[in-house]
Amino acid sequence: MADEKPAQTPRDKMVPPRQSDQAKGGTDVDGSAEERELWSGRTSVKFFYGKLLLLGAISIMLLVAGIMLRGTVKANWPIWGALLLIAAGAVALLVKVIYVKLRWRYRLTTTRLFVGDGILTRRVDQVDLVRVNDVSVTQRLIDRLTNVGSVTVICPSDKSDERLLIRGIDDPHQVAEYIHREMRAIRDRRGLITEEI
């Protein structure tokens with residue numbers, strides 16, 4: 001039983017940038033490291049926990065209101081109305097979760113970031129990491145508790161996409177660190193000097 005491998009988690013899909021470069025060992029003609037995938041992911045279901053909690057609170061209030069109205073009007077329609085509204089809210093949330101999970105795809109390599117948008121028609125934006133100036137992480141309270149968040153990648157030299165948003169991913173600080181580390185490594189390899197503001 002000691003030979004069994006544990007099941008892979010989303011965190012297992014992340015490959016530490018420096019270790020992976022050393023393992024690969026190859027370089028291109030211009031001296032830069034070969035492009036390899038470091039991370040890929042989608043919006044996490046945990047990103048919707050806040051909305052789920054809100055739906056739960058509203059559901060309890062609707063049920064309490066339905067029970068109170070039932071006693072006043074001596075009919076069952078307030079309870080059925082409350083249950084119908086709760087079911088409609090649950091279905092709407094489920095549809096939104098599925099839509100967002102299918103809509104956004106993200107992939108980070110040692111030289112580029114890819115952001116895929118769309119379900120039937122897909123558009124993929126890609127940014128060279130050398131163009132990235134800053135990376136920030138945004139997390140709400142519930143996001144910090146569940147370790148999800150959004151990463152904003154700022155590229156002022158790219159006029160079409162000055163800001164790319166990686167929405168609701170697991171372990172956003174690790175992904176932001178990968179982007180920052182690879183951006184610095186590319187600049188160091190190319191001998192680019194960056195000014196600190």
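Nothing in this text is a laboratory measurement; each read-out follows from the coordinates by a stated rule. Model, not experiment: these values are computed from the prediction. Positions of Cβ are backbone-derived with ideal geometry, glycine not excepted, and every protein chain shown enters the neighbour counts.
General observations
- Just so you know, the averaged projected area of the alpha carbon convex hull for region 101-173 sits at 5.2 nm².
- As computed over region 48-98, the Cα convex hull volume per residue (Å³): 40
- Using a Förster distance of 35 Å, the FRET efficiency for L85-R122 (Cβ separation, nearest 0.05): 0.50
- Relative frequency of Cα-Cα separations exceeding 27 Å in region 24-159, percent: 46
- Exposure proxy ranking for H173, H180, based on other Cβ atoms within 10 angstrom of each Cβ and starting from the fewest, stands as H173, H180.
- Across region 52-67, coupling constants 3J(HN,Hα) worked out from phi with the 6.51/-1.76/1.60 Karplus curve, θ = phi - 60°, read 5, 5, 4, 4, x, 5, 5, 4, 5, 5, 5, 5, 4, 4, x, 5 Hz, and Gly and Pro carry x.
- Amide H contacts of T109 (H built 1.01 Å from N, in plane; Pro and chain starts excluded): L38, F114 sit under 5 Å, all sequence-distant by 5 or more or on other chains.
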